[in-house]
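Please read the structure below before turning to the comments.
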Amino acid sequence: MATVRAAITQTTWTGDKESMLDKHEQFARDAAAQGAQVICFQELFYGPYFGITQDKKYYRYAEPSDGPIVQRFAALAKELNMVMVLPIYEEAQTGVYYNTAVVVDADGTILGQYRKNHIPHVDKFWEKFYFRPGNQGYPVFDTAVGKVGVIICYDRHFPEAWRELGLNGAHLAFNPNATKPGLSNRLWEVEQPAAAVANGYFVLAPNRVGREDNEYGDEAVDFYGTSQIVDPRGNHVGELGSGEKEEILIRDLDMDLVQQMRDDWQFYRDRRPDSYGEIVAP
């Protein structure tokens with residue numbers, strides 16, 4: 001396999017959707033200028049992280065998965081010859097909304113989408129107010145950079161989700177996030193490396209960064225950034241992202257490591273799904 005140059009981005013809410021869209025277009029252009037072949041933005045990339053509150057006005061950020069925002073970035077993907085993972089707020093129909101990531105190939109083709117399956121509902125993560133649970137499984141997409149799968153933020157706490165991507169053929173697993181300090185800090189350190197090792201693929205996890213007090217005032221939280229890319233042996237590829245400021249992380253991924261790790265550790269061969277009945281027990 002070839003080396004893939006991958007980019008993930010982290011930023012905070014500017015205060016309006018149009019400037020967020022422009023900012024992420026510039027991220028893509030800057031990454032392409034440095035040779036990136038694939039890019040993934042943070043969870044709900046063009047808005048604030050509105051799960052902080054429960055407010056109907058944020059429903060207006062939703063649009064179809066082939067709507068104007070995706071079409072804009074699909075055209076950009078074609079122009080830049082870059083695969084894109086676009087985490088959006090999807091309107092499937094009036095009143096039915098999902099937390100979704102759309103995968104666009106380097107020729108601008110919209111390959112499909114992943115809908116976040118695990119929806120939290122805890123203090124300042126009131127996501128059940130905004131999203132239905134995903135209903136399309138864990139698809140993996142054949143792209144110009146290889147087999148790409150996606151899970152979103154809270155999904156990462158469920159090993160079954162990571163394994164589904166591996167079983168469906170993923171070599172690159174993207175995990176866009178909006179994660180804040182608290183109980184998750186230690187999990188953020190261990191979950192992505194553990195998933196990469198257990199499944200023998202690369203994990204690429206962008207996270208929001210900074211305080212969105214321009215939207216939420218005293219209710220705002222500090223997203224801690226530290227976006228990360230992890231190889232199939234559980235090692236970080238380069239440094240973590242900043243904990244305080246926006247950044248594009250661009251890393252070269254040796255895709256031969258996927259085959260090497262799976263040759264060395266036969267986790268797929270030695271699985272015993274016949275013995276795991278309790279995992280899927282209601």
Cβ-Cβ under 7 Å pairs, at least 6 apart or on other chains, the stretch 142-154 side in contact (Cβ under 8 Å) with a residue 40 or more places away in the chain and more than 14 Å from ASN199 (Cα to Cα), far side small (Gly, Ala, Ser) and in a helix (DSSP H, G or I):
none
Suppose we filter the stretch 4-52 for residues that are among the aromatic types (Phe, Trp, Tyr) and in a helix (DSSP H, G or I); how many remain?
2
Note on the stretch 51-61: residues out of contact with any helix residue (DSSP H, G or I) (no Cβ under 7 Å at 6 or more places or on another chain) and either without any contact (Cβ under 8 Å) to a residue 12 or more places away in the chain or surrounded by 22 or more Cβ atoms within 10 Å (Cβ to Cβ) (or both) are ASP55, LYS56, LYS57, ARG60
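If I ask for residues that are in contact (Cβ under 8 Å) with a residue 24 or more places away in the chain and of a type in the set (A, V, I, L, M, F, W, C), which ones from the stretch 31-50 would you list?
Matches in the stretch 31-50: ALA31, ALA32, ALA36, VAL38, ILE39, CYS40, PHE41, LEU44, PHE45, PHE50.
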Condition check: at pLDDT 95 or above, closer than 25 Å to PHE45 by Cβ, of a type in the set (S, T, N, Q) and part of a helix (DSSP H, G or I). Does GLN260 satisfy that?
no
In the stretch 155-187, anything without any contact (Cβ under 8 Å) to a residue 24 or more places away in the chain and within 18 Å of GLU127 (Cα to Cα) is listed as GLY182, LEU183, SER184
Of ALA106, ALA92, ALA75, which residue is over 21 Å from ASN177 (Cα atoms), modelled with pLDDT of 95 or more, aliphatic (A, V, I, L, M) and in contact with a Gly (Cβ under 9 Å, 6 or more places away or on another chain)?
ALA75
GLU191 fails exactly one of the following numbered conditions: (1) touching a residue at least 60 places away in the same chain (Cβ under 8 Å); (2) under 16 Å from the mean Cα position of the chain (by Cα). What is the number of that condition?
(1)
Can you tell me which of (1) out of contact with any strand residue (DSSP E or B) (no Cβ under 9 Å at 6 or more places or on another chain); (2) outside any loop (DSSP other than H, G, I, E, B); (3) surrounded by fewer than 20 Cβ atoms within 10 Å (Cβ to Cβ) is the one GLY182 doesn't meet?
(2)
Within the stretch 45-63, the count of residues that are out of contact with any Gly (no Cβ under 8 Å at 6 or more places or on another chain), of a type outside the set (Lys, Arg) and under 16 Å from ASN214 (Cβ atoms) comes to 8
Which numbered condition GLU219 fails, given (1) of a type outside the set (S, T, N, Q); (2) at positive phi; (3) exposed (fewer than 15 other Cβ atoms within 10 Å of the Cβ)
(2)
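The values are calculated or read from the model by the stated rules, or taken from the named source; none is laboratory data. Treat the numbers as computed from the prediction; the structure is a model and nothing was measured. Ideal geometry is used to build each Cβ from the backbone, glycine not excepted, and the neighbour counts take in all protein chains shown.
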